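Each remark here refers to the structure printed beneath this line.
The values are calculated or read from the model by the stated rules, or taken from the named source; none is laboratory data. This one's a predicted model, so the numbers in the text were calculated from it and none came from an experiment. Using ideal geometry, Cβ is built from the backbone for each residue, glycine included, and neighbour counts are taken over all protein chains shown.
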Amino acid sequence: MPSSCNAYSTPTGFAGKQAFTVSLSLVPNALETFDTDGEYDTTAYRFTPTTAGKYWFYGQVTASSNNGTLSSARCSIYKNGAEVVTNRWEGRSGVLSGDAQYRFVGLIEDMDGSSDYVELWGYMSTDAGARVDLAGYDTRVFFGGFRLL
């Protein structure tokens with residue numbers, strides 16, 4: 001079986017909700033659905049495959065604002081500390097009050113099988129600095145990947 005993993009967050013995994021609304025932040029996907037080769041680190045929130053090859057990586061973040069209007073949302077995959085793909089949304093004032101934003105990213109990337117790693121990063125903000133609730137659960141905030149070749 002090719003190397004693969006899938007990790008996700010729970011609502012309690014986002015105790016520092018406000019930090020997520022200040023700048024792009026590492027998403028704390030601390031729970032695993034599966035990890036075939038033990039290559040996903042549930043404390044550093046990164047996948048470091050030990051077999052070289054081409055991999056498909058994917059991730060999603062979801063947020064809703066209960067006190068204001070979502071004004072921007074972003075989901076990015078980083079490789080070795082540098083952004084390699086992003087999905088960004090910029091809203092208009094007053095448009096999505098209380099609604100959710102789902103941001104999904106995916107890409108194929110070469111991995112060296114020794115030191116290359118990937119992580120999921122996210123950002124959500126609101127008009128007037130209202131609180132953003134990150135919607136957890138395995139179907140709303142998740143990250144994973146698997147070897148293709």
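Within the stretch 71-82, the only residue that satisfies the criterion of being surrounded by fewer than 14 Cβ atoms within 10 Å (Cβ to Cβ) and either touching a residue at least 60 places away in the same chain (Cβ under 8 Å) or part of a strand (DSSP E or B) (or both) is Ala82. In the stretch 11-26, is there at least one residue being at pLDDT 85 or above and of a type in the set (D, E, K, R)? The answer is no, given that none of the residues of the stretch 11-26 is at pLDDT 85 or above and of a type in the set (D, E, K, R). Restricted to the stretch 85-94, and to residues there that are within 13 Å of the chain's Cα centre (by Cα) and either surrounded by 13 or more Cβ atoms within 10 Å (Cβ to Cβ) or more than 25 Å from Ala44 (Cβ to Cβ) (or both), the residue that is modelled with the highest pLDDT is Val85. Can you tell me which residue is surrounded by the most Cβ atoms within 10 Å (Cβ to Cβ) among those in the stretch 95-140 that are aliphatic (A, V, I, L, M), modelled with pLDDT of 85 or more and closer than 18 Å to Cys75 by Cα? That would be Leu120.
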